[in-house]
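Everything below concerns the one structure shown next.
The values are calculated or read from the model by the stated rules, or taken from the named source; none is laboratory data. What you see is a predicted model; the values in this text were computed from it and never measured. With ideal geometry, Cβ positions are generated from the backbone for all residues, glycine too; neighbour counts draw on all protein chains shown.
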Amino acid sequence: MSIPQSGGGQIERHEQLVEYLSKGCKPKENWRIGTEHEKFGYCKDTLKSLPYDGARSIKAMLEGLRDAYGWAPVEEAGHIIGLTKDGANVSLEPGGALELSGAPLETIHETCDEVNVHLREVKDIADKIGVGFIGLGAAPIWEHKDIHQMPKGRYKLMNAYMDRVGTMGKSMMYRTCTVQVNLDFSSEADMIQKMRVAIALQPVATALFANSPFFENKVNGHKSWRSRIWRDLDADRTGTIPFVFEDGFGFERWVEYALDVPMYFVYRDGVYIDALGQSFRDFLKGELPALPGQKPTLGDWADHLTTIFPEARLKQFIEMRGADGGPWRRLCALPAFWVGLTYDQGALDAAWDLAKSWDAETRDEMRIAASVGGLQAQIGNLNMHDIAREAVAIAEAGLKARARPGAGGMVPDETNFLNALKDSIESGKTPADELLEHYHGDWGSDLTKIYGAYSY
């Protein structure tokens, strides 16, 4: 999760909230790709989750990466809680999952190189201390009691709040992993079109990347249990946000939405101050119970925007949030899919043509069906496999039109990074389907086998 912001100056005018978002507008030549991915760490001999402290721990991983590879530490209350280097950062999730938030890069070739380097560094340190990492959408075996809480004030606050607003918030925090891509826009109109495509086609990404059919050592009946968890977490800050498709949507409408999302915290002098359930509108008036008489800074606004979790999220860029964590090929395929759909205007128009007839009810049904059935999902007369086939074809055309070469010009474009998805389209099988085949076949219903077979 995000590293807290500071500074930015006090907010004096409502317009500053809109201006903050609009500053994300960039000319096309400055568009970049930021990929984030999380993975579960475990002790190789016991298969237990990693504690924060100790010889085999998240702290040991972070310190190892710091010392061996020149990452700069990020600390909170005397604890190392993250790393930064060259525009990228490594952070820890509430239950100790390790996340790379990649640097803003120009091509997927660079993104995949970044992923390779990171996973190689992680494996080097992990092997030395007897630790492994695996990319899945949900922890296959662990129960909540098996997970160690990381020493971050933000997580402590969220932990207390989750049981008040839903039934699966703690499961999301401690036992799910995702891969995301952050993408730019050129104007408000471009943002609007991309947000609509992002929300409408997010279930397609959920289906293609479904990789969490197990939970608490059982088959859970869903191809993406991670997506199921997100449906019962906190209705105030999750979902398919239907107002994005309404006339009048733009930066101002997102601001109004965000202002109505209850707050989590205010970050001051290295401390998270409890503002759970309080109103940012009151904060703007200097009437926040947590900080009476104080008004927010733009850093506070930036922090608040990170506490909103819809299927696609607007900040000074757009975050695609619908995919399960997964194996290496999928970590490169996710940005390829969305860059192909959104960074070429012809592809973006085609993607919107694919989705524009769906109403809010259909989009919600697709989200649920993708979680349960993956590519086998059927929503009325809509077949997910067919939609995914068309979406991947549009993405491929978009990447061809981008024509960004790699490997010193030997690779003409970025379409090869879609191969994992094309394999799924051809076979009709997602990673979840392959896992289930192993479970019912050569694994003999023994889920411990997943670690040896699928770890990085």
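Would you point out the residue of the range 158-191, among those that are in a helix (DSSP H, G or I) and over 20 Å from the mean Cα position of the chain (by Cα), that is surrounded by the most Cβ atoms within 10 Å (Cβ to Cβ)? Give the derivation first.
At the first step, the residues of the range 158-191 found to be in a helix (DSSP H, G or I) are 158-165, 169-175, 188-191.
Narrowing the set further to residues that are over 20 Å from the mean Cα position of the chain (by Cα) leaves 160-161, 163-165, 188-190.
Numbers: Ala160: 11, Tyr161: 17, Asp163: 10, Arg164: 10, Val165: 17, Glu188: 16, Ala189: 10, Asp190: 19.
Filtering first and then ranking leaves Asp190.
Hey, Gly239 hits all of (1) buried (at least 21 other Cβ atoms within 10 Å of the Cβ); (2) under 17 Å from the mean Cα position of the chain (by Cα); (3) in contact (Cβ under 8 Å) with a residue 60 or more places away in the chain but one; which does it fall short on?
(1)
Matching residues to (1) among the hydroxyl-bearing types (Ser, Thr, Tyr); (2) in contact (Cβ under 8 Å) with a residue 60 or more places away in the chain:
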site: Phe249; (1), (2): no, no
site: Met263; (1), (2): no, no
site: Tyr272; (1), (2): yes, yes
site: Leu276; (1), (2): no, yes
site: Phe280; (1), (2): no, no
site: Phe283; (1), (2): no, no
site: Leu288; (1), (2): no, no
site: Pro292; (1), (2): no, no
site: Lys295; (1), (2): no, yes
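For the structure I just gave you, tell me whether Lys315 is surrounded by fewer than 20 Cβ atoms within 10 Å (Cβ to Cβ), within 19 Å of the chain's Cα centre (by Cα) and in contact (Cβ under 8 Å) with a residue 40 or more places away in the chain.
Numbers: surrounded by fewer than 20 Cβ atoms within 10 Å (Cβ to Cβ): yes; within 19 Å of the chain's Cα centre (by Cα): yes; in contact (Cβ under 8 Å) with a residue 40 or more places away in the chain: yes.
The answer is yes for Lys315.
Filter the range 264-285 down to residues that are touching a Leu at 6+ places or on another chain (Cβ under 7 Å) and of a type in the set (Ser, Thr, Tyr) and give me whichever is nearest to Phe309 (Cα to Cα). Working first, answer last.
To start, the set of residues in the range 264-285 that are touching a Leu at 6+ places or on another chain (Cβ under 7 Å) comprises 264-266, 272-276, 278, 280-282.
From the residues that got through so far, the ones that are of a type in the set (Ser, Thr, Tyr) too are 264, 272.
Working: Tyr264: 12, Tyr272: 19 Å.
Top of the filtered list is Tyr264.
In the range 429-456, which residues are part of a loop (DSSP other than H, G, I, E, B) and under 24 Å from the mean Cα position of the chain (by Cα)? Working first, answer last.
Filtering the range 429-456 down to residues part of a loop (DSSP other than H, G, I, E, B) leaves 429-430, 441-448, 456.
Across the range 429-456, the qualifying residues are Lys429, Thr430, Tyr456.
State yes or no: is Ala126 surrounded by fewer than 19 Cβ atoms within 10 Å (Cβ to Cβ), small (Gly, Ala, Ser) and closer than 18 Å to Pro51 by Cβ? Explain how you work it out, then say what you get.
Numbers: surrounded by fewer than 19 Cβ atoms within 10 Å (Cβ to Cβ): no; small (Gly, Ala, Ser): yes; closer than 18 Å to Pro51 by Cβ: yes.
Criteria not met by Ala126.
Can you tell me how many residues within the range 268-287 are modelled with pLDDT of 95 or more and either assigned to a strand (DSSP E or B) or β-branched (Val, Ile, Thr) (or both)? Write out each step before concluding.
Initially, the range 268-287 is screened for residues modelled with pLDDT of 95 or more, giving 273-287.
Applying the additional criterion that residues be either assigned to a strand (DSSP E or B) or β-branched (Val, Ile, Thr) (or both) yields 273-274.
The total comes to 2.
Considering only the range 288-308, I want to know if a residue exists there that is basic (Lys, Arg), within 20 Å of Leu201 (Cβ to Cβ) and not in a strand (DSSP E or B). I'd like the intermediate steps shown before the answer.
As a first pass, look at the range 288-308 and keep what is basic (Lys, Arg): 295.
Restricting the remaining residues to those that are within 20 Å of Leu201 (Cβ to Cβ) gives none.
There is no residue in the range 288-308 that is basic (Lys, Arg), within 20 Å of Leu201 (Cβ to Cβ) and not in a strand (DSSP E or B).
Take the range 392-430 and flag every residue that is closer than 18 Å to Asp324 by Cα and touching a residue at least 40 places away in the same chain (Cβ under 8 Å). Please lay out each step first, then the result.
Of the residues in the range 392-430, the ones closer than 18 Å to Asp324 by Cα are 392, 417-425, 428-430.
Passing the criteria: Val392, Phe417, Leu418, Asn419, Ala420, Leu421, Ser424, Ile425, Gly428, Lys429, Thr430.
Can you name every one of the strands (runs of 3 or more DSSP E) wholly within the range 61-157 that holds 3 or more residues which are of a type in the set (Val, Ile, Thr), more than 16 Å from the chain's Cα centre (by Cα) and modelled with pLDDT of 95 or more?
On the way: elements: 72-76, 79-85, 88-92, 98-101, 131-134.
Once the strands (runs of 3 or more DSSP E) in the range 61-157 are filtered for at least 3 residues that are of a type in the set (Val, Ile, Thr), more than 16 Å from the chain's Cα centre (by Cα) and modelled with pLDDT of 95 or more, what remains is 79-85.
Any residue at all in the range 1-24 that's part of a strand (DSSP E or B), touching a residue at least 24 places away in the same chain (Cβ under 8 Å), at negative phi and out of contact with any His (no Cβ under 7 Å at 6 or more places or on another chain)?
Kept after step one, since they are part of a strand (DSSP E or B), are these residues of the range 1-24: 10.
From what is left, the residues that are touching a residue at least 24 places away in the same chain (Cβ under 8 Å) are 10.
Going one step further and asking which of them are at negative phi, we end up with 10.
Next cut, out of contact with any His (no Cβ under 7 Å at 6 or more places or on another chain) only: 10.
Yes, the range 1-24 contains a residue that is part of a strand (DSSP E or B), touching a residue at least 24 places away in the same chain (Cβ under 8 Å), at negative phi and out of contact with any His (no Cβ under 7 Å at 6 or more places or on another chain).
Which pairs do you get when a residue that is free of Cβ contacts under 8 Å to residues at least 40 places away in the same chain, found in the range 365-384, comes within reach of a residue that is among the polar types (S, T, N, Q), reach meaning Cβ atoms under 8 angstrom, with the pair 6+ apart or on two chains?
Ile379/Thr362; Gly380/Thr362; Leu382/Thr362
Give me a count of the residues in the range 201-224 that are surrounded by fewer than 24 Cβ atoms within 10 Å (Cβ to Cβ) and aliphatic (A, V, I, L, M).
First, pick out the residues of the range 201-224 that are surrounded by fewer than 24 Cβ atoms within 10 Å (Cβ to Cβ): 214, 216-221.
Add one more test, that the residue is aliphatic (A, V, I, L, M), and what stays is 219.
So the count comes out to 1.
Quick one: count up the residues across the range 200-216 that are of a type in the set (Phe, Trp, Tyr) and either touching a strand residue (DSSP E or B) at 6+ places or on another chain (Cβ under 6 Å) or under 12 Å from Leu421 (Cβ atoms) (or both).
Step one: of the range 200-216, the residues of a type in the set (Phe, Trp, Tyr) are 209, 214-215.
In the following step, the residues that additionally are either touching a strand residue (DSSP E or B) at 6+ places or on another chain (Cβ under 6 Å) or under 12 Å from Leu421 (Cβ atoms) (or both) were identified as 209, 215.
Looking only at that region, the number is 2.
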